[in-house]
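Only one structure is covered here, and it is reproduced in the block below.
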Amino acid sequence: MNRTGDGTFRVTAGRVATWIATNALGKRDVWKGQIRQNRVPTPPAGKIYPLVQNSPFARKIASFVRLGADELQAVSELYQRRRKFAPGLELVHQGEIDQSAFIMADGWAFSYKILADGERQIVNFQIPGDFLGVRSMLFRNSDHNVEPITPIEASEVSKNELFQTFAKTPRLATAVLWAVSRDEAMVVEHLVGVGQRPAAERTAHLLLELNARLRLVGLGDKTGFACPLTQYHLADAVGLSAVHVNRVLREIREAGLMTFQNGRVTFDDYEGLVDFADFDRSYLDQDGPVSPY
């Protein structure tokens, strides 16, 4: 099967053509149709919007604005350059210039800085729906690194592409500004946690935050979520040693609040954990569209 100049595919006559599009959760939606003139027809435009509308990025920004046809079309155009990255292969590298941004579709990543002595501070974790590297794209030089934790898929967006999209759809530009501001609010909350919260509370707070973010894009619920983080990731995010994190997680588990085992966070007493961590998710600002536009 070969791509033609008009973006369709040529296949052997008489066979059934399959057009596959990756959807919001990394699963696949398939349309099948008979071959005509040895080409796979492009799915009707109406078929594209449900995919875009249910993607993690669209679900996330829909918490701020209601997306119309123009915004959904603009989002679909931003998705065109989908790339895959293996764990350990940086998407964003500190000090680089002319850095692209990326819209996460599947997998987990983390942003961090390396100090002169080699110590690492994780600033935040990125999940599907997050827009990575916007600040690095706008700054002259990238001020941090972004590295996959799991294999990820992300759409690469250049500075020119983003500015052109913003010019065409100001409402989408406002939504992206909201998402970037929300990321800043999370970093502020992390700073408060590292500076003032006791170890167990700050660890629980971070995991409750991740759960809230994942629930927004359909990847978690009140019972818990799949979590690929190691104790070393958590340690570098909350300013503890891995040994201390292990002890803290054991204390929380023995209190009957939460269990983190075998790649899954399970909330044994969700409301109790919220009270324990003093978790108020209002800073995430994700309770429904608030923009008047």
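The values are calculated or read from the model by the stated rules, or taken from the named source; none is laboratory data. Since this is a predicted model, take the numbers as computed values, not measurements. Neighbour counts are summed over all protein chains in view; Cβ atoms, including those assigned to glycine, are modelled from backbone coordinates with ideal geometry.
Identify, please: which residue in the stretch 135-144 is surrounded by fewer than 17 Cβ atoms within 10 Å (Cβ to Cβ) and among the charged types (D, E, K, R) and is, among those, modelled with the highest pLDDT?
Applying the filter and picking the extreme gives 143.
Taking only the stretch 236-286 into account, find how many residues are part of a helix (DSSP H, G or I), under 23 Å from the mean Cα position of the chain (by Cα) and of a type in the set (Gly, Ala, Ser).
Within the stretch 236-286, residues that are part of a helix (DSSP H, G or I), under 23 Å from the mean Cα position of the chain (by Cα) and of a type in the set (Gly, Ala, Ser) number 2.
Any residue at all in the stretch 165-173 that's crowded, with 17+ Cβ neighbours inside 10 Å, touching a residue at least 24 places away in the same chain (Cβ under 8 Å) and not in a helix (DSSP H, G or I)?
The answer is yes; a qualifying residue exists.
Assess whether residue 204 counts as being assigned to a helix (DSSP H, G or I) and modelled with pLDDT under 95.
No, not satisfied.
Among the residues of the stretch 52-59, is there at least one that is in contact with a Lys or Arg (Cβ under 7 Å, 6 or more places away or on another chain), hydroxyl-bearing (Ser, Thr, Tyr) and modelled with pLDDT of 90 or more?
no
When residues of the stretch 110-134 are filtered for being surrounded by 14 or more Cβ atoms within 10 Å (Cβ to Cβ) and aliphatic (A, V, I, L, M), how many remain?
Summing the residues that are surrounded by 14 or more Cβ atoms within 10 Å (Cβ to Cβ) and aliphatic (A, V, I, L, M) in the stretch 110-134 gives 5.
Are any of the residues in the stretch 62-79 in a loop (DSSP other than H, G, I, E, B) and touching a strand residue (DSSP E or B) at 6+ places or on another chain (Cβ under 9 Å)?
Yes - at least one qualifying residue is present in the stretch 62-79.
Being farther than 25 Å from residue 231 by Cα, among the aliphatic types (A, V, I, L, M), in contact (Cβ under 8 Å) with a residue 40 or more places away in the chain and touching a strand residue (DSSP E or B) at 6+ places or on another chain (Cβ under 7 Å) is the requirement here; does residue 101 meet it?
yes
Provide a single number: the residues in the stretch 124-157 that are without any contact (Cβ under 8 Å) to a residue 24 or more places away in the chain and either within 19 Å of residue 235 (Cβ to Cβ) or in contact with a strand residue (DSSP E or B) (Cβ under 7 Å, 6 or more places away or on another chain) (or both).
Qualifying residue count for the region: 1.
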